[in-house]
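Reading through the structure tokens given below for one structure.
The values are calculated or read from the model by the stated rules, or taken from the named source; none is laboratory data. Small disclaimer: the values here were computed from a predicted structure and weren't measured. Every residue, glycine as well, gets a Cβ built from its backbone with ideal geometry; the counts of neighbours run over all protein chains shown.
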């Protein structure tokens with residue numbers, strides 16, 4: 001098995017749902033799952049894949065809609081993804097647990113694609129304009145990573 005897309009976020013809270021909307025856009029092309037927030041159950045879906053890409057809204061202090069991407073190292077040294085996420089359980093804890101406990105089953109490559117959010121508090125099931133404009137670029141990045 002080649003790769004899996006994991007989208008994180010609540011689509012009812014504007015930009016927090018960016019991971020959900022990427023999953024919706026690609027679910028007929030690639031294996032894709034959605035979680036409201038990082039959870040250890042994500043690991044069950046990652047096992048056996050060579051690649052995984054995780055898409056989530058972030059608060060890194062960039063311009064809304066800006067894309068931040070990097071590879072998550074199995075060693076857990078990818079400090080970029082430790083803070084600024086919009087959820088309580090950190091992605092770091094989930095991924096570190098996976099590599100510590102199930103190293104042989106985890107993907108060799110995990111790419112994180114974060115999108116700087118503008119609004120994650122308004123109860124509205126649509127993306128803000130800056131994030132909506134970025135969506136096709138994110139979809140293409142995920143498609144390219146998982147299909148090559």
Just one listed residue, out of 142, 131, 68, 53, is under 15 Å from residue 17 (Cα atoms), touching a strand residue (DSSP E or B) at 6+ places or on another chain (Cβ under 8 Å) and either at pLDDT 90 or above or in a loop (DSSP other than H, G, I, E, B) (or both), and it is 131
Residue in segment 77-84 that is at pLDDT 95 or above and either over 14 Å from the mean Cα position of the chain (by Cα) or buried (at least 22 other Cβ atoms within 10 Å of the Cβ) (or both) present
no
Considering each residue of segment 92-128, count those that are within 18 Å of residue 33 (Cβ to Cβ), crowded, with 19+ Cβ neighbours inside 10 Å and out of contact with any strand residue (DSSP E or B) (no Cβ under 6 Å at 6 or more places or on another chain), and give that number.
3
Out of the residues in segment 5-16 meeting the condition of being crowded, with 23+ Cβ neighbours inside 10 Å and assigned to a strand (DSSP E or B), tell me which one is farthest from the chain's Cα centre (by Cα).
5
Name the residues in segment 17-40 that are assigned to a loop (DSSP other than H, G, I, E, B), surrounded by 16 or more Cβ atoms within 10 Å (Cβ to Cβ) and either free of Cβ contacts under 8 Å to residues at least 12 places away in the same chain or out of contact with any strand residue (DSSP E or B) (no Cβ under 8 Å at 6 or more places or on another chain) (or both), would you?
none
